[in-house]
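Notes follow once the structure below has been shown.
The values are calculated or read from the model by the stated rules, or taken from the named source; none is laboratory data. All values derive from a computational prediction rather than experimental measurement. Using ideal geometry, Cβ is built from the backbone for each residue, glycine included, and neighbour counts are taken over all protein chains shown. These accessible areas exclude ligands, DNA and RNA; they are computed on the full protein's heavy atoms, side chains included. Shrake-Rupley method; radii C 1.70, N 1.55, O 1.52, S 1.80 Å.
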Amino acid sequence: MYPVGRVLWLALAGEPGTAFARVLADPRMRGSAWFTLWQAGVSTALTLVAAFPLTWAVARFRFRGRQLVRAVVTVPFVLPTVVVGTAFVALGLDGSLAAILAAHVFYNLAVVVRTVGGLWARLDPDLVDSARALGASPWRAFRTVTLPLLRPAIAAASSIVFLFTFTSFGVVLILGNLRWRTIEVEIFHQAITFLRLPAAGALAVLQMVGVTAILVLYSRYQERRAVRVRLVAEEQTLRRPQGGRQRVAVAAAVVGTVGAVSVPLLGLLVESFANGGAGWRFLTEPGPLAVRPVEAIGNSLAFAGAATVMAVTVGTLSALVVSRGAGMLSRWFDVVLMLPLGTSAVTIGFGFLVALDRPVDLRATWILVPLAHALVAVPFVVRAAAPILRSVRGEVREAATMLGASPRRVFTEIDLPIVARAVAVGAGFAAAVSLGEFGATSFIVRPNTITIPTLIFRLLSRPGSVSFAAAMAMAVVLAALTAALIMAVDRVRAGEVGSF
Amino acid sequence: MLQTVDLHKRFDGVAALDGVDLEVGDGEVVAVLGPSGSGKSTLLRVIAGLERPDRGRVRWDGEDVTEVPPHLRRFGLMFQSYALFPHLTVAGNVAFGLRMLGLRPEEVEKRTWEALRWVDLEDFADRPVEGLSGGEQQRVALARTLAPEPRLVMLDEPLGALDRNLRERLVVDTRRLLRERGATALYVTHDHGEAESVADRVAIMHAGRIVQTGTLAEIRRAPADAWVADFVG
């Protein structure tokens, strides 16, 4: 909290309100703010539209490889934003608005497919069938029955996508070529390029106000939706595609979406081998940078280890409080779970830069980077761990007691395994966040302890086809590391502790 | 045989149990029927040992068990929310009570399959409990409660969370299961039809007291007071 406080103070100090007044009067910054807002809106709308065919196919039909398709479209979502940005650079699309929007859609597709598709697959098919029996056309039945019932999921998915794109930093910094700037990117420029700290502080406050407003709107909506829908198991609703037309439509939705998602990833892989593998060789050789590029991998892994320990300790404890707490805290449970989606990593990095010089100057020590990563990761740990911990209600413990478990055995058989699972999942997310963290790191990283994402950014901003290929190669490494971590987390989440 | 004597329990000065005397004979299924807030769930929790009574005793076959901790009473309790263990599979849930008995692993496995067969869930053995429908969860909870063959089976609104169609089907299954095992059971419900079809005898509960017991037909014929007449009416 302290670094964020310093950012606030920076914005408010001096003549009251001057920093704000200057920011609001500056057409450049007004432009960035306006761009942030409208690109988030457009990105969200485009994501909803682009995700619709696959959501429909996955939610309604049973076909071979259905789970695999769901997994494949989730890949972009877990990739670091730097990798996503780099993948679109690999396609030669940087500098255009279209590339930014496409990258946002690419990144967020899974949010819609999973959130909306998850609910859709569990809606009672009898509802639509009875509408059809009453004479509604398929389209009409969709519009008057299915769509209204899906509204909560659509609203939830839209809020998440909007938040993500509203606070988009890595993608816009890499693809925007200084021309297109979100508030996050503008904060970075004002602070690092122009050294105008009060302006950056004022922007950070503006950003926080925006994020808070979105979260408040979201929680209001959550409270108001009252319609209780009876949900049935997915197995009962999924059908095989019937008839030629339906089969073609499902196949087109699946192949089209999976194909579109694969293009940037394959592009990244292909470009990393351009120049006969010069990019990969560049990574291992001492080059023009302060360290051998390959050392960045070691730095990133070490930082991730330290950040994970810190984030898991703080995050699991907070999750315990949130999941046990009564009244106020529980009421805000959903909002708390949304927080990581709106955390501004740039603000955290900026805050560290201006705040942590007293009482000890932490800015010169290695601890700064993992500390910032841990701060960014804590909400993710809470988000991952709290629902798992919440599943141990008092009655679950009492049920174990009634089945003959002594208090000690209740602890070892019920509490421990569940907390351990929450910790493991939280740790996986924390490590993934740390590995991919770019926003905060870009403010505070030192050249001799550079991390993978910041190295990629440096390589991209250097001229020459070798650095370009090296950036691609580094992005492939980062993507592989992240994917391995997320797969391990999924194992733990789905895996059961022996069947007996 | 279960016997409660003059059970009292107050929460924040409000009486939840106000002198409950109740008997359940061996192999008998008694339904405790009453409106919500009449103290039914508290009664089960006190008998289970999860709550201490302010006054009164709980006896089993004449032995006073009021001070015996809940996990040593060998009483089973099925919660309205089912309270399934989220980190275990269907089979893992059902096996839990058998493992607590200290049985050998082969014995645990054999009796787990048996219990799964009672509720027709053999195919679900290795599924996590998370994705199950309400009816399936209910059957897991029932099998889990019955598997260790507790001396007394208590069910707290076991069908309360389900919709009516499912409830009508499962009430028949539940009765059959209790009968086949010869279980001594206390079945809490607010639904007259459920009480009538499951139980040998009904105990009407109102404001923390058992106001009348008998078959529903008997109670309808000669209600103890105006409130009972209105409630069963």
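Tell me which strands (runs of 3 or more DSSP E) are completely within the stretch B:13-104 and hold 3 or more residues being farther than 17 Å from A:VAL410 by Cα, or say none if there are none. Steps first, answer last, please.
Numbers: elements: B:14-24, B:29-33, B:55-60, B:75-78.
Qualifying strands (runs of 3 or more DSSP E): B:14-24, B:29-33, B:55-60.
Is there a residue being closer than 30 Å to A:THR441 by Cβ, open to solvent by 20 Å² or more (accessible area, probe 1.4 Å) and modelled with pLDDT of 85 or more anywhere in the stretch A:59-69? Working first, answer last.
Of all residues in the stretch A:59-69, those closer than 30 Å to A:THR441 by Cβ come to none.
No, the conditions are met nowhere in the stretch A:59-69.
Filtering the stretch B:150-170 down to residues that are away from every other protein chain (no Cβ under 11 Å) and under 13 Å from the mean Cα position of the chain (by Cα), which residue is most open to solvent (accessible area, probe 1.4 Å)?
Among those that are away from every other protein chain (no Cβ under 11 Å) and under 13 Å from the mean Cα position of the chain (by Cα), it is B:ARG151.
Return the total of residues in the stretch B:76-124 being open to solvent by less than 50 Å² (accessible area, probe 1.4 Å), over 21 Å from the mean Cα position of the chain (by Cα) and on the phi > 0 side of the Ramachandran plot.
So the answer is 0.
Tell me, which helices (runs of 4 or more DSSP H) wholly within the stretch A:131-209 include 1 or more residues that are touching a residue at least 40 places away in the same chain (Cβ under 8 Å)? Steps first, answer last, please.
Values: elements: A:138-141, A:147-166, A:170-175, A:183-188.
Correct list: A:147-166, A:170-175, A:183-188.
Just checking: which of the helices (runs of 4 or more DSSP H) contained wholly in the stretch A:274-350 hold 2 or more residues that are modelled with pLDDT of 65 or more and open to solvent by 40 Å² or more (accessible area, probe 1.4 Å)? Quick ask: steps written out before the conclusion?
On the way: elements: A:274-284, A:295-324, A:328-331, A:333-342.
In the stretch A:274-350, A:274-284, A:295-324 are the helices (runs of 4 or more DSSP H) which contain 2 or more residues that are modelled with pLDDT of 65 or more and open to solvent by 40 Å² or more (accessible area, probe 1.4 Å).
Working only within the stretch A:385-441, note down all residues that are in contact (Cβ under 8 Å) with a residue 60 or more places away in the chain and among the hydroxyl-bearing types (Ser, Thr, Tyr).
Residues satisfying the conditions are A:SER434, A:THR441.
Filtering the stretch A:112-153 down to residues that are under 35 Å from the mean Cα position of the chain (by Cα) and of a type in the set (S, T, N, Q), which residue is surrounded by the most Cβ atoms within 10 Å (Cβ to Cβ)?
A:THR115
Check whether at least one residue in the stretch B:125-138 is more than 9 Å from chain A (Cβ to nearest Cβ), within 19 Å of the chain's Cα centre (by Cα) and over 24 Å from B:PRO35 (Cβ atoms), and report yes or no.
Yes.
Hey, any hits in the stretch B:211-222 for a residue that's open to solvent by less than 20 Å² (accessible area, probe 1.4 Å), assigned to a strand (DSSP E or B) and away from chain A (no Cβ under 11 Å)? Can you show your working first?
Pass one, the stretch B:211-222, residues open to solvent by less than 20 Å² (accessible area, probe 1.4 Å): B:214, B:216, B:219.
Those still in the list that are assigned to a strand (DSSP E or B) too: B:214.
Going one step further and asking which of them are away from chain A (no Cβ under 11 Å), we end up with B:214.
Yes - at least one qualifying residue is present in the stretch B:211-222.
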